[in-house]
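The values are calculated or read from the model by the stated rules, or taken from the named source; none is laboratory data. Bear in mind that the values here come from a model prediction, so they are computed numbers and not experimental data. Cβ placement follows ideal geometry from the backbone for every residue including glycine, while neighbour counts extend to all protein chains displayed. Side chains included, ligands, DNA and RNA excluded: accessible areas come from the protein's heavy atoms. Shrake-Rupley method; radii C 1.70, N 1.55, O 1.52, S 1.80 Å.
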Amino acid sequence: CPVVLAPKNSSIAMPPPADIVKVAIEWPGAFPKLMEIDQKKPLSSIIKEVCDGWSLANHDQFALQHADSSNFYITEKNRNEIKNGAILRLTTSPAQNAQQLHERIQSSSMDAKLEALKDLANYSRDVTFAQEFINLDGISLLTQMVESGTERYQKLQKIMKPCFGDMLSFTLTAFVELMDHGIVSWDTFSVAFIKKIASYVNKFASDISILQRSLAILESMVLNSHDLYQKVAQEITIGQLIPHLQGTDQEIQTYTIAVINALFLKAPDDKRQEMANILAQKQLRSIILTHVIRAQRAINNEMAHQLYVLQVLTFNLLEDRMMTKMDPQDQAQRDIIFELRRIAFDAESEPNNSSGSIEKRKSMYTRDYKKLGFINHVNPAMDFTQTPPGMLALDNMLYFAKHHQDAYIRIVLENSSREDKHECPFGRSSIELTKMLCEILKVGEL
């Protein structure tokens, strides 16, 4: 195929330089400007050029932001994310915007205050704005508003309850967004603030947005500060959290399980089992089955993750028993094996067998332990010296024998009368099943 050369005077379309981005820039009350941004130029000189085009003085008080729903400011760090054809907006600088909002949220006019808090909740998602607002001690201002809010606006609550709810919701939203940037330490908050947030979990249970933000704040407090964990644990009980799982809002359910997980995760080892016992008493498992897993809606990814975390934390409580060998000299542990034998065989035992000789009783026990399916018929305690599954296998066997007594007796008697090649010995099977389940469920793995 012959090569065709273009005539010297013809124009061939060349790709635009990599550093040039074509954008449209908006300014309220004016037609958008189409311009090319040279990414090699300092951002300040580009902003000055835009301001000069609209005859705006004090260009250092202006900034560019994305004109989409994010409204994020453009900085030297993120300017390379600007794409060809992007729509930008000229707006007040982050520092000036933060200063104005800091003043507006302290307005004596409730309408002005509400509007300012709404804007603050929106802008706080942007780390550039957040840094400027935090520099003005904005977090302290918000926490003071929360701490004193209920008392200060008691009359407002009665007269304009929806207004108060919205104000609190925007305040908490702004707080969550600002804290999510990781600029401020969680260790700085007062007990009064924690008490107020904990109270909202009960007080504003019907207001989804306030409840959701309050749960999110409690989770972050627990996960990010040991001191705050202790304070939150004193203020909020599992009993107060459980009703939020019985509602229909999956986001609230997800945040609730996240708080339970956080409390579980940060609890000292000696408190975790106690907490698990409370969760069992409160029927947490059946509540989750009924209201979350079997509810008529799909489980979203975040809920699936929180349920998985709860399972891991719960299963890992079994690690200690799984890795504990049986002590053949421990009478309390040996009594569990005696109890398994008693439940299975006492109904058919001779009423006066206790009066027989020691040798006769030993012989009878050995026969019974063989029927129970232990490997070591003389001293079945030796069957529980392998870890895993250790004492966890014996715990499971005793639970089964006590809570499903008829099934337990039937399994033991059926297997004791089978031929060896068809046997499914209860003892050995239970130990192997427990070991297998520990592997499948990854007990002890984080």
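With the simple spin-label model, which puts each label point 7 Å out from Cα in the Cβ direction, the LYS362 to SER185 separation comes to 6.7 nm.
Could you give the length gained by full extension between ASN71 and THR248, i.e. 0.36 nm per residue of separation minus their alpha carbon distance, to one decimal place? Write down the numbers at each step before the final one.
Values: separation 177, 0.36 × 177 = 63.72 nm, distance 3.24 nm.
Full extension of this stretch gives 60.5 nm more.
Is the shape of region 20-92 best called rounded, prolate or oblate, per the rule: a/c under 1.5 gives rounded, else a/b larger than b/c gives prolate, else oblate, with a ≥ b ≥ c the square roots of the Cα gyration tensor eigenvalues? Note, shape of region 20-92 comes out rounded. Of the accessible area of the chain, computed with a 1.4 Å probe over protein heavy atoms only, carbon and sulfur atoms account for 53 percent.
What number comes out for the charge environment of ARG104, summing +1 per Lys or Arg and -1 per Asp or Glu over other residues with Cβ under 13 Å away?
Numbers: positive: LYS113, LYS118; negative: GLU103, ASP111, GLU115, ASP119.
Residues near ARG104 contribute -2 overall.
Explain nothing, just the number: dipole magnitude of region 20-92 about its Cα centre with +1 on each Lys and Arg Cβ and -1 on each Asp and Glu Cβ, in debye rounded to the nearest 20. Intermediate values should be presented prior to the final figure.
Numbers: 9 positive and 9 negative charges, 28 e Å.
That gives region 20-92 a dipole magnitude of about 140 debye.
PHE374 exposes around 0 Å² of accessible area when a 1.4 Å probe is run over every protein chain in place.
Once each of the trypsin sites (Lys or Arg not before Pro) sitting in a DSSP loop with at most 14 other beta-carbon atoms within 10 Å is removed, the chain keeps 84-293 as its longest stretch.
When the Kirkwood hydrodynamic radius is evaluated over all pairs of different C-alpha atoms of the chain, what value in angstrom, to one decimal, is obtained? Intermediate results must be reported in sequence, preceding the final value.
Working: mean 1/r = 0.0355 Å⁻¹.
With all distinct Cα pairs of the chain included, I get 28.2 Å.
With contacts taken as Cα pairs under 8 Å and at least 6 residues apart, region 20-92 reaches a relative contact order of 41 percent.
With +1 assigned to the C-beta of every Lys and Arg and -1 to the C-beta of every Asp and Glu, and no other charges, what is the dipole magnitude of the chain about the Cα centre in debye, to the nearest 20? Walk me through the numbers before you get to the answer.
Numbers: 48 positive and 54 negative charges, 128 e Å.
With Lys and Arg at +1 and Asp and Glu at -1, about 620 debye.
Loop-resident chymotrypsin sites (Phe, Trp or Tyr not before Pro) (DSSP state other than H, G, I, E or B) in region 35-75 with no more than 14 further Cβ atoms inside 10 Å of their Cβ: TRP54.
Toward the positive end of the charge dipole of region 186-320, with +1 on the Cβ of Lys and Arg and -1 on the Cβ of Asp and Glu, the farthest Cα among MET221, TRP186, PRO243 is that of PRO243.
Could you calculate the contour length gain from MET382 to ARG294, that is, 0.36 nm times the residue separation minus the distance between their Cα atoms, to one decimal place in nm?
Working: separation 88, 0.36 × 88 = 31.68 nm, distance 4.31 nm.
Full-extension gain reported as 27.4 nm.
Under a Gaussian network description of the chain, with springs only between Cα atoms under 10 Å, the residue in ILE287, ILE242, ILE257 that fluctuates furthest is ILE287. Identify which of GLN99, GLN39, GLN306 has the largest mean-square fluctuation in a Gaussian network model of the chain, with springs joining Cα atoms closer than 10 Å. Top of the fluctuation ranking is GLN39. Each residue of region 432-446 was assigned a 3J(HN,Hα) from its phi angle through the Karplus curve 6.51 cos²θ - 1.76 cosθ + 1.60 (θ = phi - 60°); the sequence is 5, 4, 4, 4, 5, 5, 4, 6, 4, 8, 6, 4, x, 8, 6 Hz, with glycine and proline shown as x.
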